[in-house]
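Take a look at the structure set out below.
The values are calculated or read from the model by the stated rules, or taken from the named source; none is laboratory data. Not measured: the values here are computed from a predicted model. Backbone-built Cβ (ideal geometry, glycine too); neighbour counts: all protein chains shown. We work out accessible area using only protein heavy atoms, side chains counted, and drop any ligands, DNA or RNA first. Shrake-Rupley method; radii C 1.70, N 1.55, O 1.52, S 1.80 Å.
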Amino acid sequence: VGGRSFRTFYGEGAWQKVVAALKPGDFVVIEFGHNDGGAVTNSNGRGDLPGTGDEIQVITRRDGTEETVHTYGWYTRKFIRDAREKGATPVVSTTTVRNIWKDGRVERGMGHMLEWARQVATEEKSLFLDHSNLTADLYEKLGAESVARFFPADHTHTSTDGAVVNAETFVAGLKGLGVRPLIGFLNDRGRAIK
C-alpha cells in the first residue's frame, strides 16, 4: 500500500491483514518513515508522534471520528511483537534515502527515525537492517551527480534504476545479517550481491 505511514497502515487495517496471513517461519520486513513525519493533525492524516515511548494523542479526523495516535517507536514495537506472536521473524529496516545533499553528504535516516528504529530493534532484540546507511554509503561513493539520475521527479521517489539500487543494498544488508533462510530464496542476481 503506497503512501502509508505506520499510523495509516495500522489504522486502515492493512497491518492486521498481514498479521492474519503470517505463519511460523515467515519473515516480516518493517520499514516505515517517508510518510511518518509531520504533525499528527496534518490534513494527510499520516504523521506519528515522535519518539519511542507510549505517549498518545487523541485527535478528531476530518470525518468526525476519533483516532488514537502513537509514537513511531510504539508502532515499531507493536509490529515486532505481533509478528513474533505468529511465529514470524521481524526485521526492522531503516528508510530508503532521499536525494538531499549537504556539504557532499547525503541525508541519512530522515530526522530521528533511524535512531528510533535502531533503539526499538535493540530493545526488542529484533534483527536490524540499516538500509539508510548502506544506501547512503553507496550514494556518496557514486556522487551527487550520478545519484540524481535515480530521482527524475523529486527527491523521494526513484526511477526503476534507483529502485534496483535500493533492492540491492537491502539484499546486501540481509546477507550481512546472515538471515540464512531468506538468502536461500535469492535468484542468481541476488546471490551475486556482496
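If you go through the stretch 103-118 and pick out every residue that is open to solvent by 30 Å² or more (accessible area, probe 1.4 Å) and within 14 Å of K78 (Cα to Cα), you end up with 1.
Please return the ranges of helices (runs of 4 or more DSSP H) entirely within the stretch 79-194 where 1 or more residues are within 26 Å of T52 (Cα to Cα). I'd like the intermediate steps shown before the answer.
Details: elements: 113-123, 131-142, 144-148, 160-177, 180-183, 188-192.
Output list reads 113-123, 131-142, 160-177.
Of all residues in the stretch 39-52, those that are basic (K, R) and open to solvent by 70 Å² or more (accessible area, probe 1.4 Å) total 0.
Assuming I56 fulfils every condition listed in (1) within 30 Å of L142 (Cα to Cα); (2) touching a helix residue (DSSP H, G or I) at 6+ places or on another chain (Cβ under 9 Å) apart from one, which condition is it? So I56 meets the others, but not (1).
Restricting attention to the stretch 65-78, the residues that are of a type in the set (D, E) and not in a strand (DSSP E or B) total 0. Checking each residue in the stretch 16-47 for being in a loop (DSSP other than H, G, I, E, B) and closer than 23 Å to R84 by Cα picks out L22, K23, P24, G25, D26, E31, F32, G33. Residues that are surrounded by 12 or more Cβ atoms within 10 Å (Cβ to Cβ), under 23 Å from L127 (Cα atoms), in contact with an Asp or Glu (Cβ under 9 Å, 6 or more places away or on another chain) and modelled with pLDDT under 90 do not occur anywhere in the stretch 53-71. Against the numbered list (1) open to solvent by less than 50 Å² (accessible area, probe 1.4 Å); (2) in contact (Cβ under 8 Å) with a residue 60 or more places away in the chain; (3) not polar (S, T, N, Q), K78 comes up short only at (1). Only a single item in (1) without any contact (Cβ under 8 Å) to a residue 12 or more places away in the chain; (2) surrounded by 14 or more Cβ atoms within 10 Å (Cβ to Cβ); (3) aliphatic (A, V, I, L, M) is not met by A163, and it is number (2). Look at the stretch 138-157: where a residue is open to solvent by less than 60 Å² (accessible area, probe 1.4 Å) and a partner is small (G, A, S) and in a loop (DSSP other than H, G, I, E, B), sitting 6+ places away or on another chain with Cβ atoms under 7 Å, you get F150/S159.
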